[in-house]
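The structure appears below as structure tokens.
The values are calculated or read from the model by the stated rules, or taken from the named source; none is laboratory data. Note that the structure is a prediction, hence the values are computed from the model and not measured. So basically every Cβ, Gly included, is an ideal-geometry build from the backbone, and we count neighbours across all protein chains shown.
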Amino acid sequence: MHSDEQILEQIRDKVDHPATVKELLQRLTWPREERASFKRALGRLVNTGELIEIRGARFGLPDRMNLVVGRVSTNPRGFGFVDAERPPEDGPTSIFIAGANLNQAMHGDRVVVRVERARDENRAEGRIVRILERGTSSVVGRYELDGQKRGFVVPFDRRLVMDVEVTPGASLGAKPGEMVTLTITTWPTATRPAQGRITEVLGDVDAPGVDTTVIIRKYNISDEHSAAAVAEATRLGTEVKARDRERRTDFREWQTVTIDGEHARDFDDAISIDRLPNGNYWLAVHIADVSHYVTEGSALDEDAYERSTSVYFPERAVHMFPEELSTGLCSLKPRVDRLVQSCLMEVDQRNGSVVRYEMHDGVIHSDARMTYTEVSQMLTDRDPVVSARYHALVPMFERMHALFEILNARRRRRGSVDFDLKESEIQFGEDGEMAAIVAAERNVAHRLIEEFMLLANETVAEHLETHDMPTLYRIHEAPDPVKVESFEEFIGALGYSLSGPADNLEPRHFQKLVEKIRGKPEEKPIAMLMLRTMQKAKYDPTPVGHFGLATAHYAHFTSPIRRYPDLVVHRSLRESRRSVTKERRADLTDDLPEIGRHTSERERRAVDAERELVQWKKVRFMADKVGDEFTGFVTGVTAFGLHIELVEHFVEGMVHVSTMADDYYRFIEKAHLLRGEKSGRTYRLGDKVPVQLIRVDLERRLIDLGLSEILDAVRQSERNRGPRHSRAEPRKSARPPAGRGKPARKAGKRPGPRERAFKKAARGKKR
């Protein structure tokens, strides 16, 4: 019996043209008794896109027929791109698809594309000829009625460029303007839009928590644990059993604390620290032993693997494990016994290197649950009230602070890239409404814990590598030289350089640049572009090291409650302390690449979801501030305008060049500036500028700004010419913005651009 891969290989080697089933059987001399299975294999290969069935019931290889298989990414303006899964040799990796050539494909669909025109070696234009797999079966969006009282849903994800009709009688009682979740039952054709039934009414977008639920549904994040997983967690109980403490190292007499944020409920890590007679530090990083309770293949394990990470939104968290574990039995609460895996390290007092280490299955009894604020008050502010409250712990925190300084200096010496950009934090009032957007505090306590966790992660990774134990590493590869060259050009125009050979850059070259720009107006845009220049960190079984941290050994060990790769590392640690069979090693070697790919993808999904919700909340927060003036920094310059970040609210907006009506502004790319042709006035990266909020687009979740000095000049000019209206009115005469959450389009009308796009596609099909 041949596998599908073997059949495909034979077709590649022996068949030189698209062939019928009969021709394939003859060319491959297939046994008569296996012909039925051969036909089934052909069907599977067609479904996966490995083979393409064309007219005349012929089967061919896509790369030999100018066909490419990949997933389509659509743009809100109606066109799309397909990234090839297996780009042909010397062929394009990305294919542009005009709106008329989408052939009813939707964002995320897996498709077959015919390449029709090549732009260059990396990009071409094409037409979608077949949809292999739909990318989504559900849509979250706003329910509306057309002129005939027929329901339709406007997708929240603007990349889904067509509305979806609601099957009559399947509205689930939704009211116009409410957010809903819809399951697609009929896919779009050339003459008919997609149809579906509403499965969940989320409510008014301004109702508490609805925006979070919308984002959860958009990214297909499961916010409910399976009944089997919850049952397993419940059966484990709430307290550590006596039998679970057996054969474990007892750390309950050690002085131990957790340090987390004020609102944290899942405590992964705890710290113990002492000085040895030789002056070195004895640091113990205790991590919740989730692997003791969650076994491979269990309902809890499968549930956690699907999520792969907890997702933290401003108002709620979607935990990887049920609360019975995440905030209960596994959380390192104070004054109760908890099971841990402990990494004990003797750290040299002079240079911060780990002299020796030990790994233990342990049990702790935390003395206190500390917050970052309290620790900072003791160490930085020397607050007598807080110090008196925790007087027994003060010497321990002094030792922590001293060791932190040593470890941080060690990392700086080796060139670890340490960004210290201010991040925003949304604050809520007692009524649950957004009250303010402020800079998130990152004090000495945050940095102290971060340093200890980094050291434990490095030590564990080196231990597993030394013992040749298959596991998942956190890897960060060196930057792409092409991107580095572009980055060098960018910073060169601003008077900076990486000061290193382009083909052999080291982390220290980037870190030196970070130190040079710290506190400068151009710090954030340079740092953000530096991050985009670097590769994305990911999970992988091959230990290639971590470029950004300037270390050859790195794995995630410290957060198994909220990250699945950490759970994998914990299991590997336990197995490394006993003999591992060849079969087990082989199984791990086979499984780990896919686990790494899956968990990396889930991590990116969580980051994107968190970022989008925060941006949406920021836009809504600014909705009642139209006409107000702010101070901002230019964080990006393009041909169509300036990207601005407001100092006060950490909100980003856009000054479109169309609002700069006092002159014609030319984009000078290498210098990253706009210059007025008549006035010579320039706006460059890093400039501090006064701006006015012109418009808040709740539908597109965008903020439009105007440069105050230009708006004032234009208004003055227009007053001199007579009674005409400027693009942006002063605050006192500004009309209040549309109510939050109100539909941007009137009920009873189909969205014009979407309808036109649909009709255009239909006409193209008819021709």
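Do any residues in segment 224-246 that are within 22 Å of residue 364 (Cα to Cα) have Cβ atoms under 6 Å from those of residues that are of a type in the set (Val, Ile, Thr), where the two are at least six apart or on different chains, and which pairs are they?
Between residues of segment 224-246 that are within 22 Å of residue 364 (Cα to Cα) and residues that are of a type in the set (Val, Ile, Thr), the close pairs are 245/363.
Could you look through segment 132-175, keep only residues that are hydroxyl-bearing (Ser, Thr, Tyr) and in a loop (DSSP other than H, G, I, E, B), and pick out the one that is surrounded by the fewest Cβ atoms within 10 Å (Cβ to Cβ)?
Residue satisfying both the conditions and the ranking: 137.
Applying the selection to segment 612-655, what residues are under 17 Å from residue 699 (Cβ atoms) and not aliphatic (A, V, I, L, M)?
612, 615, 616, 617, 618, 620, 621, 624, 653
Does residue 601 fit the bill of being acidic (Asp, Glu), under 24 Å from residue 222 (Cβ atoms) and either free of Cβ contacts under 8 Å to residues at least 24 places away in the same chain or part of a helix (DSSP H, G or I) (or both)?
Here the answer is yes, as residue 601 does meet what is asked.
So, in segment 526-575, of the ones that are touching a Gly at 6+ places or on another chain (Cβ under 7 Å) and buried (at least 23 other Cβ atoms within 10 Å of the Cβ), which residue ends up farthest from residue 305 (Cα to Cα)?
If we take residues in segment 526-575 being touching a Gly at 6+ places or on another chain (Cβ under 7 Å) and buried (at least 23 other Cβ atoms within 10 Å of the Cβ), then 554 is farthest from residue 305 (Cα to Cα).
Listed residues 537, 555; which is under 15 Å from the mean Cα position of the chain (by Cα), at pLDDT 95 or above and of a type in the set (A, V, I, L, M, F, W, C)?
537
Consider segment 219-239. How many of its residues are crowded, with 16+ Cβ neighbours inside 10 Å and not in a helix (DSSP H, G or I)?
Total satisfying the criteria: 4.
Residues 578, 571, 562: which one is more than 15 Å from residue 292 (Cα to Cα) and touching a residue at least 60 places away in the same chain (Cβ under 8 Å)?
562
Among the candidates 259, 216, which residue alone is buried (at least 18 other Cβ atoms within 10 Å of the Cβ), closer than 30 Å to residue 353 by Cα and within 29 Å of the chain's Cα centre (by Cα)?
Just a single option satisfies the conditions, and that option is 259.
Picking from 130, 77, 159, which residue would you name as being in contact with a strand residue (DSSP E or B) (Cβ under 7 Å, 6 or more places away or on another chain) and either closer than 25 Å to residue 45 by Cα or not assigned by TED's automatic domain parsing to the domain that holds residue 193 (or both)?
130
Looking at segment 191-211, which of its residues are surrounded by fewer than 21 Cβ atoms within 10 Å (Cβ to Cβ) and more than 26 Å from residue 169 (Cβ to Cβ)?
206, 208, 209
Go through the residues of segment 61-68 one by one and say whether even a single one is in contact (Cβ under 8 Å) with a residue 60 or more places away in the chain and either under 13 Å from residue 129 (Cα atoms) or assigned to a strand (DSSP E or B) (or both). Steps first, please.
Let us first name the residues in segment 61-68 that are in contact (Cβ under 8 Å) with a residue 60 or more places away in the chain, namely 67.
Retained after the next criterion (residues that are either under 13 Å from residue 129 (Cα atoms) or assigned to a strand (DSSP E or B) (or both)): 67.
The answer is yes, given that some residue of segment 61-68 is in contact (Cβ under 8 Å) with a residue 60 or more places away in the chain and either under 13 Å from residue 129 (Cα atoms) or assigned to a strand (DSSP E or B) (or both).
Could you please let me know if residue 34 is in contact (Cβ under 8 Å) with a residue 12 or more places away in the chain, acidic (Asp, Glu) and assigned to a loop (DSSP other than H, G, I, E, B)?
Numbers: in contact (Cβ under 8 Å) with a residue 12 or more places away in the chain: yes; acidic (Asp, Glu): yes; assigned to a loop (DSSP other than H, G, I, E, B): no.
Spelling it out, it is not the case that residue 34 is in contact (Cβ under 8 Å) with a residue 12 or more places away in the chain, acidic (Asp, Glu) and assigned to a loop (DSSP other than H, G, I, E, B).
Looking only at segment 529-554, count every residue that is closer than 22 Å to residue 591 by Cα and of a type in the set (Ser, Thr, Tyr) and tell me the total.
Going through segment 529-554 one residue at a time, the tally reaches 3.
Please specify each residue of segment 37-58 satisfying the condition of being within 24 Å of residue 134 (Cβ to Cβ), assigned to a strand (DSSP E or B) and touching a residue at least 24 places away in the same chain (Cβ under 8 Å).
52, 54
Pairs under 6 Å by beta carbon, first residue of a type in the set (S, T, N, Q) in segment 325-340, partner part of a loop (DSSP other than H, G, I, E, B) and surrounded by fewer than 18 Cβ atoms within 10 Å (Cβ to Cβ), six or more apart or different chains?
327/265
Confirm whether residue 580 is outside any helix (DSSP H, G or I) and surrounded by 12 or more Cβ atoms within 10 Å (Cβ to Cβ).
Considered against the rule, which asks whether it is outside any helix (DSSP H, G or I) and surrounded by 12 or more Cβ atoms within 10 Å (Cβ to Cβ), residue 580 comes out as yes.
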